[in-house]
Each structure stands twice: as structure tokens, then as C-alpha cells.
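Working notes, structure below.
The values are calculated or read from the model by the stated rules, or taken from the named source; none is laboratory data. Every value quoted in this text rests on a predicted model; they were computed, and no experiment measured them. Note that we place each Cβ from the backbone using ideal geometry, even for glycine, and neighbour counts take in every protein chain shown. Surface areas here come from the heavy atoms of the whole protein model, side chains and all, with no ligands, DNA or RNA. Shrake-Rupley method; radii C 1.70, N 1.55, O 1.52, S 1.80 Å.
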Amino acid sequence: MLRRLELDVTRRLDGLLSGDYLAAVVGTGSEAAGARPYAPGDDARHIDWNLSARAMAPHVRTTDADRELHTTVVVDRSASMDFGTAAREKREVALAAVAAFGFLTVRSGNHFAVLMSGGDQLVPVPARTGRPGLLAALAAVYDTPRLESPPDPGATLAAGLARVARTQHRHGQVIVVSDFLDAADWGGALRRLCLRHQVLAVHVVDPREFELPNVGMLAVVDSETGRHLHVQTRSVALRERYRAAAAQRHLAIRQNILQAGAEHLELSTDRDWVGDVARFVNRRHRVRPRTWLAGVGGQGGPR
């Protein structure tokens, strides 16, 4: 399974992408580069007090930007991700998204970490470089069991985002892979994460989530709460109310993501995820400032 996924990414994506994978932010770095006058919004921890005393005005230390990209993926493995009525389940699309951005990130020696939410506890996979580390992370995601209960309060998507914001102090890239059906306030946690990192929200959906089929009496179950319900899907009014409510929920999720300051990429169980990822990355190349973080041999390119 993982070998086939690797081939899909390395063969198909490489043929569709133009140029290296880019991110729009760089780390603050640790190599001293000089100093400049303090400006509102600067981190007070970077004030050079000796220089400030000599200059009779506050100055902050500056550093060369770190060209190494640190990517953290928060992947939702809650029960709702085990749903799928098309070519694949949402959990499979989530794994494919982690693999796609993982292989694009680590091929130039960058760090890649994973944090899994949605179960009894948050499960971290430490940051590593190279293909072996990525395959280990993918195996951990692939091996997560199917769930039939809601996540523990300390392991929700919101809790995972809060943990990354609390522990990942270095500027980097955070990719959130989820259907965003978590009842917790993930929007607030996402906004706080966007204040320091470049964030991409990969929104995984299934076409059946948008409309009910006309199949008569249908037994449905909430995959996270276990609640059962019987609905008469022959009712045109019921199907229309469901369609309208689903469309409104989908729009609200997208607006919440964009208002937080994150980028939004939708992947569906009935579409070609490779093509969707490739189009997103190529579009980012065109419209975002080009900060080269994956240059050959770690060398930065044009900005």
C-alpha cells in the first residue's frame, strides 16, 4: 500500500509539477546578521541591550533566514474519517495527502513531523529527514485503527492544533488534514497557529455528505457519537433541507479556514487527488511570493 502510494506521488506528481515545492515563509534562523532599530511588533526577546544602551535607543538582533523547511502535519483520524462512498474512504485520501506533501518536502532534506488527533490521545511522530523517516510516519498513520467513539477531549483536532502552536516555536509550515467536522473550536486554534506559521488546511470530503440518495427508508448513524436515526429519503423536502444544510456547513468550514489566515485545499473521495494537489502547488508557485526552501543542496534561490 505505502509503496504504491510512493510511486503515485513520485511518478505522477513529479510529472505534473513545475519547479521545486515552495513555501511562503522561512524560519527566523540562528546565525547573527546584524541589528536594526526596534519596531512595534518585534519580539522583545531579541533586543540587544548592550547596543541599545550605547545607541540610546532600543535595537534588535537580526539573523539570516533559515532556508530549511520544517513541516508539521496534523492529521485527523477521528471516526468520521473512516467514511467513504466513492472510489476510496476519507482516511485513504488523508493518507495520500500526507504522503504527497511529505515526499515533496523531504526530498530536499527538510524535516517532516506528524501529529495524529481524533483518538484517545494525541499521537506524535517526531520530526525526521529523508525517505525512511517519512515512510515511518506514513506507516503510523496507516496503522491507526478504526474508531467508533468521539475523540477524547484532549485529543480533538483543536487540541492537536493547540499543541503544535505551543510546541513548534520555529517558523515553518503546518498542514492540517481533516474533514473539519470536529465539534470542538478548531477555528480559534487554527487562527492562533496562523499567527506564526504558514498553514494549509486540506479539507477531505465525500460526495454523499452533500446530498441524500432517494432509496426510501434509510438507517444512518453518526460515526462519532453512535447515534442512530431512520429517515425517509423519498421525501423531496427532506432531501432538499439536507442538501441546503450540508452546503451551508461546507461553506462555513471553508470561510472559517480562510478567515483564520490559512490556505484551503479540498480533496474528495471521488476525484483524482494527485491532480488536485498538483494544481494547488502550481497555483501557489504563481501567486505566492517565491521563497525557495527546497533548493538543491540547501542553497536558497531567488525570492
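Relative contact order, percent, of the chain when contacts are C-alpha pairs under 8 Å separated by at least 6 residues?
Once normalised by length, the contact order is 23 percent.
If the elastic network links every pair of Cα atoms under 10 Å, which of 176, 215, 98 fluctuates the most in the Gaussian network model of the chain?
215
Taking only protein heavy atoms into account and a 1.4 Å probe, give the accessible area per residue of the chain in Å².
That works out to 50 Å² per residue.
Cβ neighbours within 10 Å, averaged per peptide: list 1-9, 267-275, 37-45, 88-96 in order, most packed at the top.
In descending order of packing, they fall as 88-96, 267-275, 1-9, 37-45.
Please give the charge dipole size of the chain, origin at the Cα centre, charges +1 on K and R Cβ atoms and -1 on D and E Cβ atoms. Round to the nearest 20 debye.
I would put it at about 720 debye.
Please name which of 80, 190, 149 has its Cα lying farthest along the dipole of the chain towards the positive end, using unit charges on Cβ (Lys, Arg +1; Asp, Glu -1) and the Cα centre as origin.
The residue sitting farthest along the positive end of the dipole is 190.
Can you compute the helix-only [θ] at 222 nm over the chain? Use -39500 (n - 2.57) per DSSP H run of at least 4 residues, normalise by all residues, nearest 500 deg cm²/dmol.
Helix contribution divided over all residues of the chain: -10500 deg cm²/dmol.
Roughly to the nearest percent, how much of the accessible area of the chain is carbon and sulfur, given a 1.4 Å probe?
The C+S portion of the solvent-accessible surface of the chain is 52 percent.
For a protection proxy built on the mean count of beta-carbon atoms within 10 angstrom, sort 145-158, 201-214 highest first, please.
Sorting 145-158, 201-214 by mean packing, highest first, produces 201-214, 145-158.
Pick the calculated percent of Cα pairs over 27 Å apart for this structure from (i) 38; (ii) 47; (iii) 51?
(ii)
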